[in-house]
C-alpha cells in the first residue's frame, strides 16, 4: 500500500477524536470503454477496478470471489454531518480501491495516537476491490434529513411473500456498502475502516460475509455452483451487454428521480438452505426441482448448459421455469449472489445458504414479480427460507475527484 496520503490534519473530521481512519487494498483491471463500469474487468490479481465512472463499480464488474456486505443505521441527526461522512467515505473508497493507505497508514505516525490504517491489509494485493453504496427507504423518512420528497417510487417497502420468515435484525438499514474482492481480508478491511470513519455518526446494523460467488457477469467463464451443487446464474446479464444493462439494470432519465439517473436498485435477501434435508433428496428429484441436470447444467431435454430452455418440458413447479423471463413478463435481474455458512443453528444443522444480491432498473418490473412467481409454487421452497431482506437505491457513480457518493441526492 503506497501513494501520497492526505495529512492527519486534513482528515480530522474522520471518526472521533480528530483521527483519520482507514487504508485498504483494492481491485482488478477494466477493458477500455471510457470510465463507465459497463465493461467487464479482467480477473487480474493485483490490479485495480477504476472507482470513477457513470455507474458504481461492483454491479456490472466481473464478480469477485468474496463479499463483505454491511448495512448501517445513521445515528447523527445533523444533515451536514451526514453529508460530510459521505464525502469522507468517498475519499476513503477512492484510495482503498486504488490500493492506497488512507491518511498516514498503519505505522510511522504519532505514537500517542491510534494509527490511521488498521493494518490488516498491509502487503496484500489489491484483489479487485469494489465498494458500492446504497440508500435505504428509512433514510427518506419525514423529519430526518429533508429527503422525503426525493424518495424514488421504486424504493418501496417490499411486500411480504409467502414463506418469508424475516428477522428484523438481519433486514433493512439506512445505508449499505457492498465490498467485493478476491481476498476476504481485503473486503473485510474495507468495511471495517468505513465503519471506523463513521464512528459516532453511523453504526453497523447487520453484515454478511460471502464466498463462492453464485452468479457471473462474464458468460465466457465457468458458471459457479451454489450450495446445492447446481450451476447458478447461467442466464445472468453480462457486464458487456450494454443493451441489456440499459434495459434491465440502469435507471434512465425518464424513470426519475433525476438524482438516480445512472443508478440501480439492489435487493438483498438472506436465504437459509435446509442443507441436511436437501442432501437426503434423490438426484432425480433435485434435477426436477431445478429444471436442469446437475452435471452439465443443461435444461430439461437439452444437451448443453446454455441451450435455450424449453419450459413446457419442465415441471410447472420447476425453479428455472418459474424464474424465467417468459414466465414473468420479460423481467430480468443482474445477480451477484454469494454462498454463506455462519456456524450452526444450535440443533446440529449448518446455518448455510445463499446471500442473494440482485440489481435492477425497477423492482416493480424486476424482483417483485419474479419472487411472487417463485414464492407461490416453486418446489425449491421446501428446502429454503428467506430470513433477511433489504432494498436500497444505488446512486450513480462518482464522476471525478470533486464528486461524492449521493451528491445529487443532497444537492
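The values are calculated or read from the model by the stated rules, or taken from the named source; none is laboratory data. Because the structure is a prediction, the values reported are computed rather than measured. Note that we place each Cβ from the backbone using ideal geometry, even for glycine, and neighbour counts take in every protein chain shown.
What about residue 256, is it more than 30 Å from residue 348 (Cα to Cα), modelled with pLDDT of 95 or more and not in a helix (DSSP H, G or I)? It is false that residue 256 is more than 30 Å from residue 348 (Cα to Cα), modelled with pLDDT of 95 or more and not in a helix (DSSP H, G or I). Filtering the range 294-302 for residues that are under 27 Å from the mean Cα position of the chain (by Cα) and in a strand (DSSP E or B) leaves an empty set. Hey, residue 115 hits all of (1) in contact with a strand residue (DSSP E or B) (Cβ under 9 Å, 6 or more places away or on another chain); (2) buried (at least 20 other Cβ atoms within 10 Å of the Cβ) but one; which does it fall short on? Condition not satisfied by residue 115: (1). Just a yes or no: is a residue in the range 360-378 surrounded by 16 or more Cβ atoms within 10 Å (Cβ to Cβ), over 15 Å from the mean Cα position of the chain (by Cα), closer than 19 Å to residue 228 by Cα and in contact (Cβ under 8 Å) with a residue 60 or more places away in the chain? Yes: one or more hits. Does the range 177-184 contain any residue that is in a loop (DSSP other than H, G, I, E, B), under 30 Å from residue 293 (Cα atoms) and touching a residue at least 24 places away in the same chain (Cβ under 8 Å)? Yes. For the range 197-237, residues that are out of contact with any strand residue (DSSP E or B) (no Cβ under 6 Å at 6 or more places or on another chain), surrounded by fewer than 21 Cβ atoms within 10 Å (Cβ to Cβ), farther than 30 Å from residue 105 by Cα and at pLDDT 95 or above total 1. Condition (residue is closer than 15 Å to residue 232 by Cβ, in a helix (DSSP H, G or I) and touching a helix residue (DSSP H, G or I) at 6+ places or on another chain (Cβ under 9 Å)) applied to the range 308-320: is it met by at least one residue? So far as the range 308-320 goes, yes, one or more of its residues are closer than 15 Å to residue 232 by Cβ, in a helix (DSSP H, G or I) and touching a helix residue (DSSP H, G or I) at 6+ places or on another chain (Cβ under 9 Å).
Taking the condition touching a residue at least 60 places away in the same chain (Cβ under 8 Å), in contact with a helix residue (DSSP H, G or I) (Cβ under 8 Å, 6 or more places away or on another chain) and surrounded by fewer than 22 Cβ atoms within 10 Å (Cβ to Cβ), does residue 408 pass?
The answer is yes for residue 408.
Scanning the range 321-350 for residues that are in a loop (DSSP other than H, G, I, E, B), under 20 Å from residue 276 (Cβ atoms) and touching a residue at least 24 places away in the same chain (Cβ under 8 Å) yields one hit, 349.
Is there a residue being under 28 Å from residue 316 (Cβ atoms) and assigned to a strand (DSSP E or B) anywhere in the range 360-379? Checked against the condition, which is being under 28 Å from residue 316 (Cβ atoms) and assigned to a strand (DSSP E or B), the range 360-379 yields at least one hit.
Of all residues in the range 125-169, those that are surrounded by 18 or more Cβ atoms within 10 Å (Cβ to Cβ) and assigned to a helix (DSSP H, G or I) total 4. Screening residue 396 on (1) in contact with a strand residue (DSSP E or B) (Cβ under 6 Å, 6 or more places away or on another chain); (2) surrounded by 17 or more Cβ atoms within 10 Å (Cβ to Cβ) shows it passes everything except condition (1). Just name the residue that is farthest from residue 147 (Cα to Cα) out of those in the range 251-260 that are in contact with a helix residue (DSSP H, G or I) (Cβ under 8 Å, 6 or more places away or on another chain) and surrounded by fewer than 22 Cβ atoms within 10 Å (Cβ to Cβ). Among those that are in contact with a helix residue (DSSP H, G or I) (Cβ under 8 Å, 6 or more places away or on another chain) and surrounded by fewer than 22 Cβ atoms within 10 Å (Cβ to Cβ), it is 252. Of all residues in the range 52-85, those being crowded, with 20+ Cβ neighbours inside 10 Å and either assigned to a helix (DSSP H, G or I) or free of Cβ contacts under 8 Å to residues at least 60 places away in the same chain (or both) number 2. The listed residues are 243, 203, and the only one of them that is under 24 Å from residue 89 (Cβ atoms), more than 18 Å from the chain's Cα centre (by Cα) and not in a loop (DSSP other than H, G, I, E, B) turns out to be 203.
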